[in-house]
Structures are given as structure tokens and as C-alpha cells.
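Chemist: Sharing a structure below in C-alpha cells format, with a few things to ask.
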Amino acid sequence: MTEAADARTEDQTRFADEAEEFLQYLGEIRNLSPQTVRAYRTDLAAYIAWTKREGVLPHEVTHRQLRSYLFELKRAGYATTTIDRHLSALRSCYKWLLGEGKIATDAAEAVSGPKRAKRLPHAMTDSEADRLIEACPETPEGLRDRAFLELLYATGARISEASALDRKDIDSDQMLVHLFGKGSKERIVPIYRSALDAVERYEREARPLFAKESPVMTDALFLSARGRRMSADALRRRFREASAEAGIDPTYTPHSLRHAFATELLSGGADMRSVQELLGHESLATTQIYTHLSIDRLKDATHTAHPRG
């Protein structure tokens with residue numbers, strides 16, 4: 001093996017070790033979920049494999065070489081969103097390496113991802129949300145599902161946040177819900193009376209029936225019939241069943257209620273910063289997508305209600 005080949009191998013091995021340090025940082029310091037860390041690991045492993053195939057020095061990689069890597073992903077048939085995810089992993093890793101003093105310059109910072117068509121969130125209308133909630137029967141499971149759906153619509157919570165809720169996270173006196181989002185960041189969201197009533201009725205009439213089926217006590221808010229905390233997947237299944245019963249668009253997901261929450265707030269005059277805080281978005285740009293939806297709603301209302309519409 002030549003001296004140059006030895007140098008490349010050493011550089012690539014060192015980068016792989018540093019990538020593991022970066023992943024450990026994401027999990028232990030940034031407190032990202034195991035699923036997110038696993039996705040980063042997969043994307044970085046693909047990049048490391050490419051550097052070995054192409055003989056690239058990861059610590060001295062150039063803007064042109066990174067563009068070549070992204071082009072290879074495109075040529076392999078990867079979707080634009082997948083390529084963006086790979087680039088995001090690289091940007092985060094190289095930014096961390098720069099901050100740790102392991103590289104002198106960050107070539108990934110200036111690399112732009114492939115352009116993709118802007119997709120508007122699929123937001124449920126207020127009348128559809130009402131139909132969904134009203135479709136829940138007067139059974140213990142129905143009371144639980146109604147409380148769950150009312151809470152999603154009232155707070156804009158993610159499905160994972162709803163699954164993680166404990167009883168103590170509902171402040172009935174102040175009419176507030178404590179949600180724990182990405183990176184375990186807490187945000188406090190007001191909840192309106194009808195949603196709080198649905199939660200309180202479920203806790204009073206249905207939750208005790210589920211709780212007694214488990215030998216282990218839990219403070220989880222939403223329990224399965226066996227008394228265990230309902231996972232995000234279990235809640236998604238309940239959402240799909242309620243959607244089928246209500247006869248609404250089968251492509252809706254629990255996130256559609258989050259979209260509806262944001263859209264209704266903006267259509268009603270809420271300012272962008274407040275909606276950003278309520279949704280737990282780190283970037284205002286993420287929230288701004290909803291302005292398109294709210295403007296469309298206002299246009300529809302004008303065309304329907306205005307005498308010359």
C-alpha cells in the first residue's frame with residue numbers, strides 16, 4: 001500500500017471514530033431520540049463508504065466532492081427528501097467537527113440540497129374535526145379516544161407527545177397542558193374547556209377501568225385496555241379507526257389535527273410567533289408554511305360569504 005493510500009485510510013478511520021463521538025453527542029447531550037440517532041448513523045455510514053470507494057479524505061473534503069456525493073445519491077434513485085436528510089446529517093456532523101477543532105474548514109456548510117416542490121400540510125377542516133370527535137362512542141374506549149382527539153385538536157400536540165403525557169401534565173386549574181417535544185423540550189399550551197372536560201370525563205369514568213387491568217401502577221394519561229401506556233402507534237390506530245367511523249378522508253393522519261390547530265389560529269388572527277411557540281417549532285420558517293393554508297381558508301370564506309364572491 002502506498003503512503004498516500006495509507007494516509008487516506010487513516011483519515012477515513014479517524015473520521016469514522018469521530019462520527020461515533022458525534023452520534024454519542026446527539027444521544028447523550030442533545031437528547032435526540034434513538035430513532036433519530038439511528039437515522040444519522042445510517043446516513044453517515046453511507047457517506048463513509050463513499051469516501052472509501054472514491055478515495056476521498058473526509059477531513060479535507062471539498063465543496064465539489066460533496067456535490068459529487070449528492071449527485072451519486074440522485075443517480076441511485078434516492079428521493080429528494082432522502083438526499084436532503086443525508087445532507088442534513090453531513091452538515092450537522094461537520095459543524096460539530098469544526099466546533100470541536102477537528103477540522104479547519106467546513107465545506108458542507110455551503111452545499112445546497114436539491115430543490116423540492118413545496119408541499120402544503122394536509123390540514124383537516126373544523127367541521128371534519130368535529131365529525132371525527134363526535135364519532136367516538138359512549139364506551140370506555142370511546143371516552144378515551146374522544147379525550148385523545150380533543151387534546152390533539154386543542155393543543156396541536158404531536159402524536160408522540162400525546163403518548164408521553166402523564167396525568168400530572170394536565171393542569172386543570174390553570175387549563176394548561178405541559179408537552180414535551182423534540183429533545184425533551186417542554187412547552188406549555190392552553191387548552192379550551194370542552195377538551196379539558198373530555199379529558200376529565202375520561203379520567204373519571206374510563207381510565208380507572210383500564211388501570212385496574214395492569215399489576216403495575218402508571219401515571220400515563222392514555223391507557224390501553226390492558227392498563228399500559230398507549231404507544232404512538234397504538235394512538236395512530238385509534239385515529240384511523242375513528243376516521244373510518246366518521247367517514248372522513250382516509251389519508252388524514254393525527255398530524256392533520258396539528259395542521260388544523262395551526263391553520264385555525266392563524267386564520268383567527270394569531271401572530272406567527274405565538275403559533276411558533278405553541279407548536280414547538282425551533283424555526284419560524286417551519287411555521288410560515290401554514291400562512292398559505294390560512295390564506296386559502298380566508299379566500300374560500302370570502303368567495304362563499306361575500307355578495308360578489
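The values are calculated or read from the model by the stated rules, or taken from the named source; none is laboratory data. Please read all numbers here as calculations on a predicted model, not as lab measurements. Every residue, glycine among them, receives a Cβ derived from its backbone with ideal geometry; neighbour counts consider all protein chains shown. The protein model used for the area step is the full one, side chains on, heavy atoms only, and it has no ligands, DNA or RNA in it. Shrake-Rupley method; radii C 1.70, N 1.55, O 1.52, S 1.80 Å.
Chemist: Per-residue HN-Hα couplings for the range 94-106, Karplus 6.51 cos²θ - 1.76 cosθ + 1.60 at θ = phi - 60°, whole Hz, x for Gly and Pro?
Modeler: Each residue's phi maps through the Karplus curve to give 5, 5, 5, 4, 5, x, 8, x, 8, 9, 8, 9, 10 Hz.
Chemist: Sticking with this structure for a sec: Pick out which of Leu257, Leu90, Leu179 has the largest mean-square fluctuation in a Gaussian network model of the chain, springs linking Cα atoms closer than 10 Å.
Modeler: Leu90
Chemist: Test of understanding: in a Gaussian network model of the chain with alpha carbons linked when under 10 Å, which of Asp43, Asp106, Asp17 would top the mean-square fluctuation ranking?
Modeler: Sorting by GNM fluctuation, first place goes to Asp17.
Chemist: Arrange the residues Ser88, Ser214 by how much accessible surface each exposes, largest first, with a 1.4 angstrom probe.
Modeler: Reading off the accessible areas and sorting them downward yields Ser88, Ser214.
Chemist: Against the longest principal axis of the chain, how steep is helix 63-75, in degrees 0 to 90 to the nearest 10, with axes from Cα atoms?
Modeler: It works out to around 60 degrees.
Chemist: Write down, largest first, the equivalent ellipsoid semi-axes of the range 128-283 in whole Å, where each equals the square root of 5 times an eigenvalue of the alpha-carbon gyration tensor.
Modeler: Those come to 24, 19, 14 Å.
Chemist: Summing +1 for each Lys or Arg and -1 for each Asp or Glu, what net charge is found among the other residues whose Cβ lies under 12 Å from the Cβ of Lys168?
Modeler: -4
Chemist: Turning to a different aspect of this structure: Take the Cα pairs of the range 50-111, get the Kirkwood Rh, then feed it into Stokes-Einstein at 25 °C and 0.890 mPa s and tell me D in µm²/s.
Modeler: Translational D for this selection: 204 µm²/s.
Chemist: A further question follows. Say each of Glu245 and Asp171 gets a label point 7 Å from the Cα, pointing the same way as Cα to Cβ; how far apart are those two points in nm?
Modeler: In this crude label model, Glu245 to Asp171 measures out at 3.2 nm.
Chemist: Using the Kirkwood radius over Cα pairs, work out the Stokes-Einstein diffusion coefficient for the range 1-99 at 25 °C and 0.890 mPa s, in µm²/s as a whole number.
Modeler: Roughly 174 µm²/s, to the nearest whole number.
Chemist: Based on the Cα atoms of the range 34-174, what semi-axes does the equivalent ellipsoid have, where each is the square root of 5 times one gyration tensor eigenvalue, given in whole Å with the largest first?
Modeler: Value: 45, 19, 13 Å, ordered largest first.
Chemist: Compute the orientation-averaged projected area for the range 149-222 from the convex hull of its Cα atoms and round it to one decimal in nm².
Modeler: Averaged projected hull area, Cα only: 5.0 nm².
Chemist: Among Thr13, Thr139, Ala108, which residue has its Cα furthest toward the positive end of the charge dipole of the range 1-144, with +1 on Lys/Arg Cβ and -1 on Asp/Glu Cβ?
Modeler: Of the listed residues, the answer is Ala108.
Chemist: Would you kindly give the portion of the calculated P(r) for the chain that falls above 29 Å, as a percent of all Cα pairs?
Modeler: 51
Chemist: Based on the Cβ-Cβ distance of Thr218 and Asp6, what FRET efficiency does E = 1/(1 + (r/R0)^6) give at R0 = 51 Å, to the nearest 0.05?
Modeler: Computed FRET efficiency for Thr218 and Asp6 comes out at 0.35.
Chemist: Compute a Gaussian network model of the chain, connecting alpha carbons closer than 10 Å, and tell me which residue from Ser127, Ser231, Ser267 fluctuates the most.
Modeler: Maximum among the listed residues: Ser127.
Chemist: Cut-off under 12 Å on the C-alpha distance; same-chain residues fewer than 8 positions from Lys74 excluded. Which aspartates and glutamates are left, in chain and number order?
Modeler: Cα-Cα hits under 12 Å: Asp84.
Chemist: Next question, about the same structure. Go ahead and run the numbers for FRET between Tyr25 and Glu141, Cβ-Cβ distance against an R0 of 45 Å, rounding to 0.05.
Modeler: Result of the calculation: an efficiency of 0.60.
Chemist: When the accessible area of the range 131-267 is split by element with a 1.4 Å probe, what percent falls to carbon and sulfur?
Modeler: In the range 131-267, the share of accessible area belonging to carbon and sulfur is 51 percent.
Chemist: How much accessible area does Ser33 have with a 1.4 Å probe, in Å² rounded to the nearest 10?
Modeler: Around 50 Å² of this residue is reachable by solvent.
Chemist: Near Arg91, within a Cβ-to-Cβ distance under 13 Å, what is the net charge of the other residues, with Lys and Arg +1 and Asp and Glu -1?
Modeler: Here the count lands on -2.
Chemist: Dimensions of the range 181-227 along principal axes (Cα, Å, largest first)?
Modeler: 32, 29, 13 Å, listed from the longest principal axis down.
Chemist: Now for a different question. Compute the helix-to-body angle for 3-28: its Cα long axis versus the longest principal axis of the chain, expressed 0 to 90° and rounded to tens.
Modeler: In the chain, helix 3-28 runs at an angle near 20 degrees to the longest axis.
Chemist: Taking a probe of 1.4 Å, how large is the accessible area per residue of the chain, in Å²?
Modeler: Computed with neighbouring chains in place, this is 56 Å² per residue.
Chemist: Run the simple label-point estimate for Ala49 and Thr13 please: 7 Å along Cα→C-beta, distance reported in nm.
Modeler: 2.1
Chemist: Looking at the range 195-275, I'd like the Rg to Rh ratio, where Rg is from alpha-carbon atoms and Rh is Kirkwood's inverse mean 1/r.
Modeler: 1.07
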